[in-house]
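Novice: One structure coming up, written as structure tokens, with questions to follow.
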Amino acid sequence: MTKFRFSVGPWNVHEGADTYGPATRKTIPIEEKFKKFAELGFSAVQFHDDDAVPDINNYTEEEIKEKARELKKTLDKYGLKAEFVAPRLWMDGHTVDGGFMSTSKEDRDYAMWRAYRSIDIANELGTDLVVLWLAREGTLCAESKSPVWATKMLIESINKMLEYDPKIRICIEPKPNEPIDRSICGTMGHVMAISAATIDPSRVGGNLESAHAILAGLDPAHEIGFAMAMGKLMTVHLNDQNGIRYDQDKTFGVENLRAAFNQVKVLKENDYGSHGEYVGLDVKAMRTTRDEDSYKHLENSLKIFKALEEKVERFDYDFQKKCVENRDFEALEMYVMNLLMGIDQAGR
């Protein structure tokens, strides 16, 4: 039995369209997704503001709240919670040059409107967590904006959110590049610095996504551990990544099983989840996947995570201690590999 609770976003079950090709699968209604998520064993759903309220720009503030209340009833129907709400700023015409750090004041004001509406939706859905994926917050042209000014704009925007609602928590999901080439907040270290500069650092933390750490040339388990050491890991998005390429959101553990093992290990060793945190999966179906297999990547990610959790349970800390004392790291590495391969210490 796993000790963790899992969350997933509706965007992880999608139609298969990408930059170089059209959709390959049919659209699945969101309630049908909720039903399947519950059947698979997920406890919560991650939302963008316009997942919760489609066509959000067309409604008044009160209409948005009412639609969020209706969504809450649907979640309740399947025994699901809302983990967080995130303003989706990168898809709107107002955010071509970024949202919070756009060079246009009108567009910055629009970004704040979406951020405030995300907080309203979060309150109606019963969550106090708002996630910021700063997709276009940086530069495509290095000289187009000062990184000093842009960083201050981000801090100012987060302060406005903290002032708007005294209970809301702001969780930054760092990413070093893509769709922009120079991010303002690219790693968990950047998140910690931004948090410290806000008016209430206790309510600002981070969400580590495995693939984003790999894109920065960093180890996901170490980024998780760094945030946990600071008391700042509010959630995680686990997936996998084939090197420093585009953001792939692959099934958790399929590219580097040892790296996945260490992510599970650091979470388990440090009692992640004891304050209500979820293990979020941000894995997307391959474009080649057929309609009838639309959820297989989620099933596989859960299976791999739980199998690695069992491996962590069996990890021999006494043997580890002996290896460390003797500086016999070759023996320790081989022990880990044997553990992952299902080979006992005698080599069987």
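The values are calculated or read from the model by the stated rules, or taken from the named source; none is laboratory data. These numbers were taken from a predicted model, which means no experiment stands behind them. Heads up, the Cβs are rebuilt from the backbone with ideal geometry, glycines too, and the neighbour counts pull from every protein chain shown. Ligands, DNA and RNA are stripped out before the accessible areas are found, and what is left, the full protein with its side chains, is counted by its heavy atoms. Shrake-Rupley method; radii C 1.70, N 1.55, O 1.52, S 1.80 Å.
Novice: If I filter region 257-289 down to residues being touching a helix residue (DSSP H, G or I) at 6+ places or on another chain (Cβ under 9 Å) and basic (Lys, Arg), which single residue comes out as farthest from Phe84 (Cα to Cα)?
Specialist: The extreme case among them is Arg258.
Novice: For region 251-274, enumerate the residues that are at positive phi and open to solvent by 10 Å² or more (accessible area, probe 1.4 Å). Don't jump to the end; show me each part of the working.
Specialist: Let us first name the residues in region 251-274 that are at positive phi, namely 253, 271, 273.
The answer is Asp271, Gly273.
Novice: Taking region 119-149, which residues are under 16 Å from Ile194 (Cβ atoms) and not in a loop (DSSP other than H, G, I, E, B)?
Specialist: Val130, Val131, Leu132, Trp133, Gly138, Pro147, Val148, Trp149
Novice: In the set Leu302, Leu308, which member is surrounded by 14 or more Cβ atoms within 10 Å (Cβ to Cβ), in contact with a helix residue (DSSP H, G or I) (Cβ under 9 Å, 6 or more places away or on another chain), in contact (Cβ under 8 Å) with a residue 60 or more places away in the chain and not aromatic (Phe, Trp, Tyr)?
Specialist: Numbers: Leu308 fails: in contact (Cβ under 8 Å) with a residue 60 or more places away in the chain.
Criteria check complete, one pass: Leu302.
Novice: Could I ask something else about it? Suppose the filter is surrounded by fewer than 21 Cβ atoms within 10 Å (Cβ to Cβ) and touching a residue at least 60 places away in the same chain (Cβ under 8 Å); does Trp90 pass it?
Specialist: In short, yes.
Novice: A further question follows. Assigned to a loop (DSSP other than H, G, I, E, B), at pLDDT 95 or above, in contact with a strand residue (DSSP E or B) (Cβ under 6 Å, 6 or more places away or on another chain) and open to solvent by less than 40 Å² (accessible area, probe 1.4 Å) - does that describe any residue in region 241-250?
Specialist: no
Novice: Would you tally the residues in region 100-138 being buried (at least 23 other Cβ atoms within 10 Å of the Cβ) and free of Cβ contacts under 8 Å to residues at least 40 places away in the same chain?
Specialist: 1
Novice: For Tyr278, all conditions in the list (1) over 23 Å from Ala229 (Cα atoms); (2) surrounded by 13 or more Cβ atoms within 10 Å (Cβ to Cβ); (3) touching a Lys or Arg at 6+ places or on another chain (Cβ under 6 Å) hold save one; what is the number of the exception?
Specialist: (1)
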